[in-house]
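Student: My questions all concern the structure below.
The values are calculated or read from the model by the stated rules, or taken from the named source; none is laboratory data. The shown structure was predicted, so the numbers you read here are calculated from the model rather than taken from an experiment. Please note: Cβ atoms are built from the backbone with ideal geometry, for glycine as well, and neighbour counts cover all protein chains shown.
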Amino acid sequence: MKTLRKKLIGVLISVALFFVQACGTLAALPTATASPDAETRMPLSEQVSLTFISFKEEGKAPIYTITAQTPKFIGSDDPRAQTFNKEVTELIQTEIEYFRKNILAQLSVVAVSAGSFFDAQYTVIFQNRELWSLKFDFWGYADGAAHPYHYSMTFNYDLEQGRKLSLKELFLPDSNYLEAVSSYCIFDLSKRDIGFYGGFEQGAEPNPKNYRNWNITPNGLMITFDEYQVAPYVAGPQTVTIPYTEIRNIIDKQGTLVSLLP
């Protein structure tokens, strides 16, 4: 009887030890953790933020001031963000260098007025997820000139693809998109009291150079015409926003604008 009792106690102890070991094993199993590359799967637009770098340069022979704001993505070393930074920096530096070589270099060291200046600023016209549409405004003055001059450049960037967008790729192949865009702009400009039909019509003709400055907006495609392009200086630069409904039939339905169509 004592022998049977000892065997039974031994069995119970063995069973208890088994469950203790099993529980210990289960408790030691690793818990689920976030994948180390989870961040890389986030949209790049959620990893970066847009800031800017300020620049100022002054000189006395001749007297001049150069100021600029250059946009810059921070928060990621992703090559797509760095490509944006590189290209917009080159864009602004190219314009600054043009001012140095083609304006300042032609001036006398004896100031006629308060001196010359050049300023570069930017505006984010539109941003939706990976799509960024920026407009750069440049304002310059050559010492002794009658008035300052202004011009603009635009930069439409697909952050997901890491490249600058072209106007042509927004539309269907062989769609004669320039004719459609030009036709709407001419119609709109002709209704304004800006002297458009005083010899400035060619500035809105369907020529790629005339439509180099464009921006994506929530409601339409914005075209910017610099001063003197479609009107005299006194009228200033002109912008025309073409509603997407007006060009819907030629927009590439697999392209960038499809998400903005009503």
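Student: Can you find, within segment 226-257, the residue that is surrounded by the fewest Cβ atoms within 10 Å (Cβ to Cβ) among those that are in a helix (DSSP H, G or I) and either in contact with a strand residue (DSSP E or B) (Cβ under 7 Å, 6 or more places away or on another chain) or assigned by TED's automatic domain parsing to the domain that holds Phe136 (or both)? First the steps, then the outcome.
Tutor: Of segment 226-257, the ones in a helix (DSSP H, G or I) are 233-235, 244-246, 248-250, 256-257.
Next, from what is left, pick out any that are either in contact with a strand residue (DSSP E or B) (Cβ under 7 Å, 6 or more places away or on another chain) or assigned by TED's automatic domain parsing to the domain that holds Phe136 (or both): 244, 250, 256-257.
Values: Tyr244: 19, Ile250: 16, Thr256: 19, Leu257: 19.
My answer is Ile250.
Student: Now for a separate question. Any residue in segment 66-77 that's within 16 Å of Gln121 (Cα to Cα) and of a type in the set (D, E, K, R): show its pairings with residues that are modelled with pLDDT of 95 or more and part of a strand (DSSP E or B) at Cβ separation under 6 Å, as long as the two are six or more apart or on different chains.
Tutor: Listed pairs, sorted by first residue: Lys72/Thr51; Lys72/Ile53.
Student: Being more than 30 Å from Ser76 (Cα to Cα) and outside the structural domain of Lys72 (by TED's automatic domain parsing) narrows it down to one of Gly198, Gly144, Gly140, so name that one. It would help to see each step written out before you state the result.
Tutor: Working: Gly144 fails: outside the structural domain of Lys72 (by TED's automatic domain parsing); Gly140 fails: outside the structural domain of Lys72 (by TED's automatic domain parsing).
Criteria check complete, one pass: Gly198.
Student: Right, next: Quickly run through segment 196-225 and pick out the residues that are part of a strand (DSSP E or B), more than 15 Å from Leu170 (Cβ to Cβ) and hydrophobic (A, V, I, L, M, F, W, C). Walk me through how you get there before you give the answer.
Tutor: Within segment 196-225, the subset part of a strand (DSSP E or B) is 214-216, 220-225.
Next, from what is left, pick out any that are more than 15 Å from Leu170 (Cβ to Cβ): 224-225.
Result: Phe225, single match.
Student: Could I ask something else about it? Could you look through segment 173-195, keep only residues that are of a type in the set (A, V, I, L, M) and in contact with a strand residue (DSSP E or B) (Cβ under 7 Å, 6 or more places away or on another chain), and pick out the one that is farthest from Thr83 (Cα to Cα)?
Tutor: Narrowing segment 173-195 to residues of a type in the set (A, V, I, L, M): 178, 180-181, 186, 189, 194.
Checking the rest, the ones that are also in contact with a strand residue (DSSP E or B) (Cβ under 7 Å, 6 or more places away or on another chain) come to 181, 189, 194.
Working: Val181: 30, Leu189: 36, Ile194: 39 Å.
The selected residue is Ile194.
Student: If I ask for residues that are farther than 18 Å from Tyr157 by Cβ and assigned to a strand (DSSP E or B), which ones from segment 75-134 would you list?
Tutor: Across segment 75-134, the qualifying residues are Ser116, Phe117, Phe118, Asp119.
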